[in-house]
Amino acid sequence: MPEWLTNLAPASWSVVLRAAPFILFGLFMAGVLHVYLPVNLVRKLLGGGGIGAVLRAAAIGVPLPLCSCGVIPVALHLRKEGARRGPVLSFLIATPETGVDSIAVTYALMGPVMAVARPIAALLTAIAAGLGELLFGAAEDQAELSPEAGGSTCDGRAELSRGRRSGGLRAAVSYGFVVLMRDLAPWLLLGLGLAGLVESLLPEDFFQKHGLGPGSILSMVLMLLVSMPMYMCATGSTPIAAAMMGKGLSPGAALVFLLAGPATNVATMLAVGRFLGKRSLAIYLGTIFGVSLLLGFALDALAGTAGLAAAGIHGHAQVLPEWLAWGSALLFLVLLANGLRLRLVPYWMLWRDRRSRPTPAAPEPAGVAAPAPSADQAVAPSKGPGREAECPHCKRD
């Protein structure tokens, strides 16, 4: 058996041990935001079309725990409620690029500097996109800004028609550990698995050996090209970026991956182009690519003086008690398994129902007469919904 394959499980478990306490903390804080944040206030703050609305949309989007596909119905609902393209575009970028859960995982796996740099970079990218829409975007159609301009497009995660939700901390725990974990479970599993694969498969100096170390524009462009079409939530992308940093990828290139990956995927790009227009889509993509590259270079320059690159994937689980790390890891695995169950069981039941349906009978060939009924069939009418049509004598007034 190859050595990297035998090291895959231990490497993945090591990532889980470091990340689990912070993932649980992030999920809980996400639940608290979901329960106690007055969503009607969010809708009100995103109203208007000036610079203030763009700044508010970016600031509100940074802590919210919505992935790129989950933010689409929320943003479109805000658009239907009268929000202009600038704040909507800003909200669409800030929300999936980071959140309280992904910030906690970033701190665990990549250190405090990256944990601070990531939300600041997301905030700046979102503000730049909103301002770009205000300056270069198409003129607003007043018909689109009317709340009656269409039905609600939000799903169960949007829920922007209500005020403060009820339930207290119990509802917060339920949302963070059950509902949100259901949405994140496949991507967390993929991210942790890929992180373990990178750690076990790639040599320590892989990126430097191939000219992709600090200051390399090629590494940043490569991260853009790799992350643009794929769907990866902010929390799930963090272990992968941390693992690549451990193999020599520069912090700036890792930041480009963390910004572009969650914000750009095929579903989001199609939604922006369809509902906001092609010009808004061009501003959306151009801002993400341009600003993320600039911020990547700035972070590499900072890393050269702050020693950030040496941090790599080394996290902060070592400062936690061992019992806390192991207990959090086991609880995380239980919640992850439950999230996968909630996510996959409906698909399995649908597949099972389709397989259990009887195969429709093949139609009789043209020109072939139907077989004559037997004597028993002629005397005894069949039971069921078609009985009255087959036996008129059984009808009762």
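Points to keep in mind about this one:
- Burial ranking of peptide ranges 193-200, 272-279 (average Cβ count within 10 Å, highest at the top): 193-200, 272-279
- For segment 220-247, the residues whose amide N sits under 15 Å from a probe point set 7 Å from the Cα of TYR347 along the beta carbon direction are 231-232.
- Global geometry of segment 175-271, whether rounded, prolate or oblate, following the gyration tensor of its Cα atoms and the 1.5 cut on a/c: oblate
- Set of segment 222-254 residues, backbone N closer than 15 Å to the point 7 Å along the Cα-Cβ line of ASN7: 243-248
Throughout, read-outs are computed from the coordinates displayed, never taken from laboratory work. Here the structure is a predicted model, which means the values were calculated and not measured. All Cβ positions, glycine included, derive from the backbone under ideal geometry; neighbour counts span all protein chains shown.
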